[in-house]
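Participant: This structure is in structure tokens; I'll ask about it shortly.
The values are calculated or read from the model by the stated rules, or taken from the named source; none is laboratory data. The model shown is predicted, which means the values in this text are computed figures rather than measured ones. Because the Cβ atoms are built from the backbone with ideal geometry, glycine has one as well, and the counts that use them run over all protein chains shown. To get the accessible areas, we keep the full protein, side chains included, count just its heavy atoms, and leave off ligands, DNA and RNA. Shrake-Rupley method; radii C 1.70, N 1.55, O 1.52, S 1.80 Å.
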Amino acid sequence: MKNHLLALDQGTSSTRSIVFHADGHIVSMAQREFRQIYPQPGWVEHDPRELWETQLATAREAIASAGLRAADIASIGITNQRETTLVWNRRTGEPIYNAIVWQDRRAEPTCAALRDRGLEPLFRARTGLILDAYFSGTKLKWILDHVAGAREAARSGELAFGTVDSWLIWQLTGGADESTRAQAVLATDVTNASRTLMLDVHRNAWDDELLGLLDVPREMLPAVHPSSHVYGHSRPELLGAALPIGGVAGDQQSALFGQACFRAGLAKNTYGTGCFMLMHTGETFLSSTNGLITTSAAQTGPIGAATDSRIGTSPAHAAPRWGPEFALEGSVFIGGAVVQWLRDGLRAIRGSGEVQQLAESVPDSGGVLFVPAFTGLGAPYWNAQARGAIVGLTRGSTVAHIARAALESIAFQSAALLQAMSRDTVAAGGAAVAELRVDGGACVNDLLMQFQADLLGLPVVRPKVIETTALGAAYLAGLSCGLYRGLPELSAQWQVERTFYPTMSRERAATLMHEWEHAVRQTTAP
């Protein structure tokens, strides 16, 4: 049996492709950055062509670096920046506008108008989400409202909408080439669909009432499938063989899956451009009263069951699991991006890797607090008008204190999320989170992880493989092609690299959190 999987990881600031062995270890990796486009304050865009070109280039590079041929790959998994919204012409394959990135705030007036009509409870009950410009549906409405002729073309079936996963599936299976366009697949998985404000997450189906409120034609929407499912095959000329696309999940649900958080009560935090904390709640749709959202967790079809005859047959022990599963989620808009700002904006460091050494050159932040609300504040605050602030500066403050405060801001924001999550679960009769599993680029920073454990008063657990976003997509792909027998096998593969235990007194941690909340209030003061 083929024992390698290719994960395509299309992130916010860079595109990566990783080849995994079936045992979960990384064989090779390729990565390329792409342009960030800022047309005006609060707007963030990507060039859809760059997303595809960098993804294809890194996939070819990763396979070659692994010393493999495409024919050695069992399946492809896709994970992606969520909520980023694309619209393209079905006939030409050309985007009608740049991709509007999840960080973009231009749709806030639409959200405010819907809130003013008293519609937020309806959206929340059906989708688990709040009405915020973060999510795809209002971004899509903006494109249809502002690109000449777009809505009419959408109604006539000429346009396709998708999040980044759908765009990659379309390109892999057919793309804009006239000879292959007819076989292009327009599809998404339930996790990405659940971030659009248009999916009824209780039924895993598009909701006509919500579509009507957003004035989005159903004709342009992708088909919704389980996260572990054979979506189609890549064109053989792209990678050297027709490979099944067997797993798709939005990056944070993919990381939850890659962290083996398959059951209620297990939680992870991903430290990337933003920070994203998810706790699995099983089949329970838990509505937050503390500023969090409810989202769909990655969901499998019949485990090991092929949905395409070219892949194989289902093992006799496979059991269906296609049905709603949920997670509580809190999203921090600016996490690791604050380090990029230290490098590119403040020019305090030359490379992101220097930040820990600079921060460790002082014993603490010297009373400096940095609230990086560059694009507003996400959960649990949800304040689009907030802007970044550095408070507590004195004549003795140095760039090292600011660097340490910047790092600590990531932990403060994440601690606020977990506290909100614990209040929700305890109120619902569940148990508080016992440990936090961590991943993402910034989790390699020991100073940050220790401070995180200190603030939380909980063990912070870093796995041996921290590329769990890509690993989750690979696992989902491996399940659909029968490479894995089921979730227990994947749980057994998850291994701890280091656990950070809290050393700070709870009184000191509470004082620091109180000071942080005071600083947050200053970002929104008139």
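Participant: Of all residues in segment 261-271, how many are open to solvent by less than 10 Å² (accessible area, probe 1.4 Å) and of a type outside the set (Ser, Thr, Tyr)?
Facilitator: The qualifying residues number 4.
Participant: Would you please name the residue that is surrounded by the fewest Cβ atoms within 10 Å (Cβ to Cβ), looking only at residues in segment 478-526 that are out of contact with any Asp or Glu (no Cβ under 9 Å at 6 or more places or on another chain), in contact (Cβ under 8 Å) with a residue 40 or more places away in the chain and among the aliphatic types (A, V, I, L, M)?
Facilitator: Per the stated criteria, the residue is Met513.
Participant: Give, as residue ranges, the helices (runs of 4 or more DSSP H) completely inside segment 198-259 that count at least 1 residues that are closer than 24 Å to Asp132 by Cα.
Facilitator: Ranges flagged: 208-214, 251-258.
Participant: Could I ask something else about it? Which members of segment 386-404 meet the condition of being buried (at least 17 other Cβ atoms within 10 Å of the Cβ), free of Cβ contacts under 8 Å to residues at least 60 places away in the same chain, more than 21 Å from Gly376 (Cβ to Cβ) and not polar (S, T, N, Q)?
Facilitator: Listed by number, the residues that qualify are Ala400, His401, Arg404.
Participant: Identify all residues within segment 349-378 that are in contact with a Phe, Trp or Tyr (Cβ under 9 Å, 6 or more places away or on another chain) and among the small types (Gly, Ala, Ser); write none if there are none.
Facilitator: Matches in segment 349-378: Ala373, Gly376, Gly378.
Participant: Residues Ser254, Ser287: which one is open to solvent by 10 Å² or more (accessible area, probe 1.4 Å) and among the hydroxyl-bearing types (Ser, Thr, Tyr)?
Facilitator: The match here is Ser287.
Participant: Would you list the strands (runs of 3 or more DSSP E) that sit entirely within segment 293-405 and hold 2 or more residues that are at pLDDT 80 or above and over 30 Å from Gly486 (Cα atoms)?
Facilitator: By residue number, 369-371, 389-391.
Participant: Another one. Would you check if Thr85 is over 30 Å from Arg485 (Cβ atoms), touching an Asp or Glu at 6+ places or on another chain (Cβ under 8 Å), modelled with pLDDT of 95 or more and of a type in the set (Ser, Thr, Tyr)?
Facilitator: no
Participant: Looking at segment 140-156, which of its residues are touching a Phe, Trp or Tyr at 6+ places or on another chain (Cβ under 6 Å) and closer than 17 Å to Leu213 by Cα?
Facilitator: Answer for segment 140-156, where residues must be touching a Phe, Trp or Tyr at 6+ places or on another chain (Cβ under 6 Å) and closer than 17 Å to Leu213 by Cα: Leu140, Ile143.
Participant: Any residue at all in segment 429-440 that's at pLDDT below 90, closer than 30 Å to Gly258 by Cβ and under 19 Å from the mean Cα position of the chain (by Cα)?
Facilitator: yes
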